[in-house]
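Right, one structure below, let's go through it.
The values are calculated or read from the model by the stated rules, or taken from the named source; none is laboratory data. Just so we're clear, the structure is a prediction, and the values are computed from it rather than from any experiment. Glycine also receives a Cβ, built like all others from the backbone with ideal geometry; neighbour counts cover every protein chain displayed. Areas reflect the complete protein model, heavy atoms only, side chains present, ligands, DNA and RNA absent. Shrake-Rupley method; radii C 1.70, N 1.55, O 1.52, S 1.80 Å.
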Amino acid sequence: MLKHKVWRVGFLMMASGVIQAQEPALNVQPPAAAPILESATTPTTAIEAPVVTNAPVAIEAPVVVPVAPVVPVAPVVPVVPVVPVESTVPVEGEVMETPAQVWQNTSWQAGTRYMEFQLQDKQRGTPGNGSFFGTISDITEKQDSVPNKVYVQYRLFKSPVWIGVSYDHVTAQTMDDSNGDGVPDSGGGDGSEEIQGVIPYVQAAWDNPTRFTPYVQAGIGFYEAKFVPNSAWGNNGQRYVEASSNIRGLELAGGLTVRLYKNLSADIFAKTMQVDEISGDWYFNYGRNYGGPYVMTMSYVAYGAGLNLRF
């Protein structure tokens, strides 16, 4: 019995020893658990680091997004096509802005010109032999200093074709060697031949988008011819000329109209005029004596400038 108690006591003591021996094992586990916790926190910190670094990346993305729309839209829209096309089309379509279109909407044009002319036949025979008449073998131009070559014209069917009429006046001064130096001069001349009249014509004028309009024209002049003697030669009718008074001429001309302001334009031109020969007779001693034949050639070439207005 005692033996049994002793074993029991011994067993309990062993059991308590085992229990006591196991207590340090329990105390050892917390440090073992500590590295486990550190390893758990270590990956957590490693995970949080990329999350923090990604946050600025996510912030930078919206910064790029507003810049992207600015690049393509703003510069491309004004630069591309519409502005040049719109600025060109109105030039052709705005009738009242371009010179050509303004002129095409008008049907009338009126103007005046100053003209310098050169006679084509200024010498004929010798005095008393095949001369213009008597001792007059030379003539020269008597220029008109007034810009009185007025004209008016009308456009046909809004086309480049115009019909018009102009006024013309040309004077040839006779020349004679009055001082005997062998050089004909107007001081010794017997008078002057004048032609004046109207020239109906047809003109083709090519309006275009510029300010310059070239033109050509052809016409027929209807003149009244008259010899005007000077006082010394006429001597109150002692000498006079009887010659053809109605003659014609063929006009060929061309020029350039330069638009200055709205429908006001300058005009430069050149022309040639082939005029019928004036023929007749001259008399002296108050018509009782026949002096001889009278011939006058009034063909000329001319150039000049003027102003005109379309309306």
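List of remarks:
- SER245-LYS142 FRET efficiency (beta carbon distance; Förster radius 30 Å; 0.05 resolution): 0.95
- Accessible area per residue (1.4 Å probe, heavy atoms of protein chains only) ranks LEU250, LEU264, LEU156 as LEU250, LEU264, LEU156, with the largest value leading.
- Segment TRP108-ARG288, extension gain: residue separation times 0.36 nm, minus the distance between their alpha carbons: 59.4 nm
- Hypothetical label at TYR303: residues of region 228-270 whose amide nitrogen lies under 14 Å (7 Å Cα-Cβ projection): 254-256, 268-270
- Sorting TYR294, TYR303 by accessible area puts them as TYR303, TYR294; the probe is 1.4 Å, largest comes first, and only protein heavy atoms count.
- Mean projected area (nm²) of the alpha-carbon convex hull when region 190-311 is viewed from all directions: 9.1 nm²
- VAL202 contributes about 80 Å² of solvent-accessible surface, heavy atoms of the protein only, 1.4 Å probe.
- Neighbourhood charge, 12 Å Cβ-Cβ cut-off, centred on GLY280 and excluding it, Lys, Arg +1 and Asp, Glu -1: -3
- Multiplying the residue separation of VAL216 and GLN123 by 0.36 nm and subtracting their alpha-carbon distance yields 30.4 nm.
- Carbon/sulfur fraction of accessible area - region 190-299, other protein chains in place, 1.4 Å, %: 57 percent
- Value of D in µm² per second that Stokes-Einstein yields for region 201-250, Kirkwood Rh from Cα pairs, at 10 °C (1.306 mPa s): 107 µm²/s
- In plain terms, the chain from THR272 to PHE311 could stretch by 11.2 nm, reckoned as 0.36 nm per residue minus the Cα-Cα distance.
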